[in-house]
Structures are given as C-alpha cells and as structure tokens.
C-alpha cells in the first residue's frame with residue numbers, strides 16, 4: 001500500500017511539476033562544468049533549458065553603447081544545447097539586482113534545477129557569494145552551484 005502511494009506521488013510530480021533547467025550566470029561566460037551538468041540534466045529529464053545572463057546594469061540606451069548586451073560577447077551555451085536537440089530559451093537581463101532576477105526567473109519558470117555557474121575569475125567573490133545566498137535562501141528546487 002505504501003509503495004502505491006509513493007508511485008502515485010512520483011507520477012504526479014513527474015507528470016506536472018518537472019520544470020526546465022535554468023543555467024544562470026552573472027554577466028560572464030558560463031563555467032564549462034556548469035554547462036555540461038545543465039545540458040546532461042536536460043537530456044536525462046527531457047526538459048528545456050533556460051540560459052540566463054543577469055547583468056548588473058540599468059536597462060537604458062547607454063548600456064547598449066557600453067557593450068553589456070553585445071550578442072557577440074555572449075556565451076554559446078545555448079547554441080551548444082540546441083545542437084543536442086534541447087529546446088532553449090536564452091535571456092539577457094539587465095538589472096541592478098542580478099541575484100534577485102535569477103531567483104525570480106527560476107520561480108516563474110517553475111525550474112526543476114537551477115545551475116548557478118559563472119566562469120571562475122570573472123565575477124567578484126562578494127557578488128558571487130551574494131548570489132549564492134539569494135539562491136539558497138529563496139528557492140525550493142534543486143540547486144547546483146559552481147565551485148568558487
């Protein structure tokens with residue numbers, strides 16, 4: 001009897017609550033290990049990938065002139081994931097609070113897994129730790145954080 005109840009709960013979760021994998025970075029390229037984990041997770045679960053590059057800058061025309069949203073500088077994690085047949089959504093978000101934006105996107109998309117993986121050395125320790133605290137304290141989905 002217990003096994004049947006557990007099986008039904010798993011079926012319900014798998015059928016309706018399996019959300020996409022969110023691969024997030026903080027205005028930097030994605031860590032290769034984080035990218036590999038996110039793509040493998042998408043392939044294993046058969047879910048979409050949402051790549052989020054949260055840029056700490058106000059959304060204004062001057063930001064475009066400074067090159068903060070230059071697609072040529074963007075990471076190609078989304079292109080690599082699409083080459084495996086994964087449905088990909090790529091978001092570039094300019095905000096004064098990038099960690100909060102990542103949490104909000106993960107909640108809105110009902111993420112099953114959040115991979116926080118900015119490339120090492122590209123993000124200050126203070127900013128990275130702030131993002132880690134925000135993610136750990138605010139989300140109920142699985143979270144994987146790249147080693148700092």
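The values are calculated or read from the model by the stated rules, or taken from the named source; none is laboratory data. Fair warning: this is a prediction, and the values are worked out from it, not measured in the lab. Heads up, the Cβs are rebuilt from the backbone with ideal geometry, glycines too, and the neighbour counts pull from every protein chain shown.
Per-structure values
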item: Hits in region 110-121 (condition: touching a strand residue (DSSP E or B) at 6+ places or on another chain (Cβ under 8 Å) and either part of a strand (DSSP E or B) or within 12 Å of residue 139 (Cα to Cα) (or both)); result: 111, 112, 113, 114, 115, 116, 118
item: Residue within region 15-37 that is farther than 26 Å from residue 135 by Cα, at pLDDT below 55 and within 20 Å of the chain's Cα centre (by Cα) present; result: no
item: Selection within region 81-96 - in a loop (DSSP other than H, G, I, E, B), modelled with pLDDT of 90 or more and surrounded by fewer than 19 Cβ atoms within 10 Å (Cβ to Cβ); result: 84, 85, 87
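Okay, residues lined up against (1) out of contact with any helix residue (DSSP H, G or I) (no Cβ under 9 Å at 6 or more places or on another chain); (2) surrounded by 17 or more Cβ atoms within 10 Å (Cβ to Cβ):
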residue	(1), (2)
100	no, no
107	no, no
111	no, yes
116	no, yes
123	no, yes
136	yes, no
